[in-house]
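A.B. asks: First the structure, then my questions, so here it is.
The values are calculated or read from the model by the stated rules, or taken from the named source; none is laboratory data. All values derive from a computational prediction rather than experimental measurement. Note that each Cβ is placed from the backbone with ideal geometry, even for glycine, and that neighbours are counted across all protein chains shown.
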Amino acid sequence: MNFSKLEAYLNSFYKEKNVPGLGFAMYHKHQPVFEHYAGFSDVENGVRFGQDTIFRLYSATKVITCTALLQLYEAGKFRLDDPLSAYIPEYKDMTVRHTLKDGSEELRPAQQPITIEHLFSMTAGIDQRDTKETLRIIEESNGEGKTLDVIKALASEPLIFEPGSRFKYGACHEVIGALIEVLSGQTFGTYLQNNIFDLLGMKDTSFQLKDEKRFCKLYNHFNGQTHTHESIGEHFNLQPGTAYENGGGGLYSTVPDYILFAEALCNYGLASNGERILRKETVNEMRTRRLNPLAQQDFAQFGGVSKSGYSYGLGVRTLVDREDNNSLSFNGEFGWDGARGCYVVIDPEAEVALFYAQQESGSPWFRWHGTIRNYAYASVWED
């Protein structure tokens with residue numbers, strides 16, 4: 001193994017890609033083989049980005065959320081083709097927006113129910129979370145906005161297409177968080193703590209920031225040449241209520257924490273400490289493509305070049321044509337990424353798990369994720 005090229009590439013990000021700080025960790029053949037940090041979590045105060053840096057996962061949260069629901073699937077709590085309304089009745093008798101020839105909209109009854117598989121695969125027709133009704137519920141709860149209450153309110157919003165017909169990257173995995181509460185009888189965050197984080201030893205991963213002193217600043221349009229930025233802070237409404245636990249993008253974590261989770265999935269659910277979070281057959285279901293041809297077109301348009309060669313499974317991208325992506329990872333590799341730049345690769349066939357983290361708004365991180373992946377794979381094969 002030789003990681004010198006990957007290390008040099010990552011070290012160039014501060015000045016060449018305007019990334020103030022980053023972290024990277026990799027397992028190969030179920031052993032840790034490389035971990036590297038560069039730049040700063042706080043440029044102004046000279047705080048280095050390191051193992052103890054806490055940052056937002058953004059949509060890398062989704063892989064954890066969907067893993068949690070698959071645990072309940074293994075426990076026999078539901079079937080993939082079960083209607084969502086069997087567990088959250090507010091989602092019965094949904095309506096669908098239809099655009100007429102004159103440009104006006106018409107609401108029609110949905111022809112089929114939203115199933116739980118539709119939530120996993122982002123084919124439910126659910127758009128974004130913030131609607132008049134969800135915001136009203138949050139306001140009436142004095143800003144608390146409990147997860148299940150908000151998601152029940154979201155059901156009043158018409159769907160944007162017939163369930164199962166197309167792909168739309170929206171609030172489906174936030175709905176999964178509420179569904180986990182119904183199925184488990186616990187808050188979403190408590191379920192994750194008891195069934196994933198504690199089992200794997202993920203000490204800093206939570207919906208609550210555990211140590212503000214270790215929190216990475218979010219720089220907006222950072223300039224590595226001048227060491228300046230437009231602003232610092234979050235633009236997304238990740239936590240609309242103080243009690244809301246966002247299954248689509250709300251978790252905080254660290255590089256050492258998340259790589260433990262990625263490695264467990266890479267070993268078909270068996271963690272490096274011997275704990276099992278999923279069965280092998282369930283991991284294989286997770287990474288099986290789920291999109292019909294029209295939904296696949298939607299996914300390709302959404303993902304752009306960075307998702308070429310990929311389809312979508314139960315909450316994860318899944319590689320179906322490695323040549324189309326110029327990928328050194330194998331078909332069946334799966335994972336996701338997150339706004340501001342987090343990126344996870346899970347490849348059971350190659351026995352590779354890797355996780356990359358950065359926190360910068362403005363950099364086109366999707367352009368270098370594939371390069372990071374390929375450098376990492378080449379590194380384990382090079383003497």
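A.B. asks: Have a look at GLY50, GLY39 and point out the one that is touching a residue at least 12 places away in the same chain (Cβ under 8 Å), closer than 25 Å to GLY249 by Cβ and assigned to a loop (DSSP other than H, G, I, E, B). Can you show your working first?
C.D. replies: Details: GLY39 fails: assigned to a loop (DSSP other than H, G, I, E, B).
Only one candidate qualifies: GLY50.
A.B. asks: Ok, one more. Only one of VAL96, VAL47 is outside the structural domain of GLY164 (by TED's automatic domain parsing) and over 23 Å from the mean Cα position of the chain (by Cα). Can you tell me which? Break it down stepwise before answering.
C.D. replies: Working: VAL96 fails: outside the structural domain of GLY164 (by TED's automatic domain parsing).
Unique residue meeting the criteria: VAL47.
A.B. asks: Turning to a different aspect of this structure: How many residues are of a type in the set (A, V, I, L, M, F, W, C) and in a loop (DSSP other than H, G, I, E, B) if we restrict to segment 67-125?
C.D. replies: Keep residues of segment 67-125 that are of a type in the set (A, V, I, L, M, F, W, C), which gives 68-70, 72, 75, 78, 80, 84, 86, 88, 94, 96, 100, 107, 110, 114, 116, 119-120, 122, 124.
Next cut, in a loop (DSSP other than H, G, I, E, B) only: 75, 78, 80, 88, 94, 100, 110, 114, 122, 124.
Within segment 67-125, residues that are of a type in the set (A, V, I, L, M, F, W, C) and in a loop (DSSP other than H, G, I, E, B) number 10.
A.B. asks: Is it true that some residue in segment 346-357 is closer than 25 Å to HIS118 by Cβ and surrounded by 24 or more Cβ atoms within 10 Å (Cβ to Cβ)? I'd like the intermediate steps shown before the answer.
C.D. replies: Just the residues of segment 346-357 that are closer than 25 Å to HIS118 by Cβ, to begin with: 346.
Those still in the list that are surrounded by 24 or more Cβ atoms within 10 Å (Cβ to Cβ) too: 346.
Within segment 346-357, one or more residues are closer than 25 Å to HIS118 by Cβ and surrounded by 24 or more Cβ atoms within 10 Å (Cβ to Cβ).
A.B. asks: Mind checking whether some residue in segment 297-311 is closer than 18 Å to ALA350 by Cβ and either aliphatic (A, V, I, L, M) or at pLDDT 95 or above (or both)? Before the answer, list the steps.
C.D. replies: Narrowing segment 297-311 to residues closer than 18 Å to ALA350 by Cβ: 309-310.
Checking the rest, the ones that are also either aliphatic (A, V, I, L, M) or at pLDDT 95 or above (or both) come to 309-310.
Yes, some residue in segment 297-311 is closer than 18 Å to ALA350 by Cβ and either aliphatic (A, V, I, L, M) or at pLDDT 95 or above (or both).
A.B. asks: Which residues, taken from segment 131-154, are among the acidic types (Asp, Glu) and out of contact with any helix residue (DSSP H, G or I) (no Cβ under 9 Å at 6 or more places or on another chain)? Even if it seems obvious, please write down each step before you answer.
C.D. replies: In the first step, residues of segment 131-154 are kept if they are among the acidic types (Asp, Glu); the result is 133, 139-140, 144, 149.
Those that are among the acidic types (Asp, Glu) and out of contact with any helix residue (DSSP H, G or I) (no Cβ under 9 Å at 6 or more places or on another chain): GLU139, GLU140.
Yes/no per residue for (1) under 16 Å from the mean Cα position of the chain (by Cα); (2) on the phi > 0 side of the Ramachandran plot:
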residue: LEU265; (1), (2): yes, no
residue: ALA271; (1), (2): no, no
residue: LEU278; (1), (2): no, no
residue: ASN292; (1), (2): no, no
residue: PHE299; (1), (2): yes, no
residue: GLY304; (1), (2): no, yes
residue: SER308; (1), (2): no, no
residue: ASP324; (1), (2): no, no
residue: GLY332; (1), (2): no, yes
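A.B. asks: Also, quick follow-up: For segment 132-174, enumerate the residues that are of a type in the set (Lys, Arg) and part of a loop (DSSP other than H, G, I, E, B).
C.D. replies: Across segment 132-174, the qualifying residues are LYS146, ARG166, LYS168.
A.B. asks: Let me ask something else. Within segment 210-263, which residues are acidic (Asp, Glu), modelled with pLDDT of 90 or more, surrounded by fewer than 20 Cβ atoms within 10 Å (Cβ to Cβ) and part of a loop (DSSP other than H, G, I, E, B)? Explain how you work it out, then say what you get.
C.D. replies: First pass over segment 210-263, keeping only residues acidic (Asp, Glu): 211-212, 230, 234, 245, 257, 263.
Now restrict to residues that are modelled with pLDDT of 90 or more: 211-212, 245, 257, 263.
If we keep only those that are surrounded by fewer than 20 Cβ atoms within 10 Å (Cβ to Cβ) too, we end up with 211-212.
If the condition is that a residue be acidic (Asp, Glu), modelled with pLDDT of 90 or more, surrounded by fewer than 20 Cβ atoms within 10 Å (Cβ to Cβ) and part of a loop (DSSP other than H, G, I, E, B), then ASP211 is the only one that fits.
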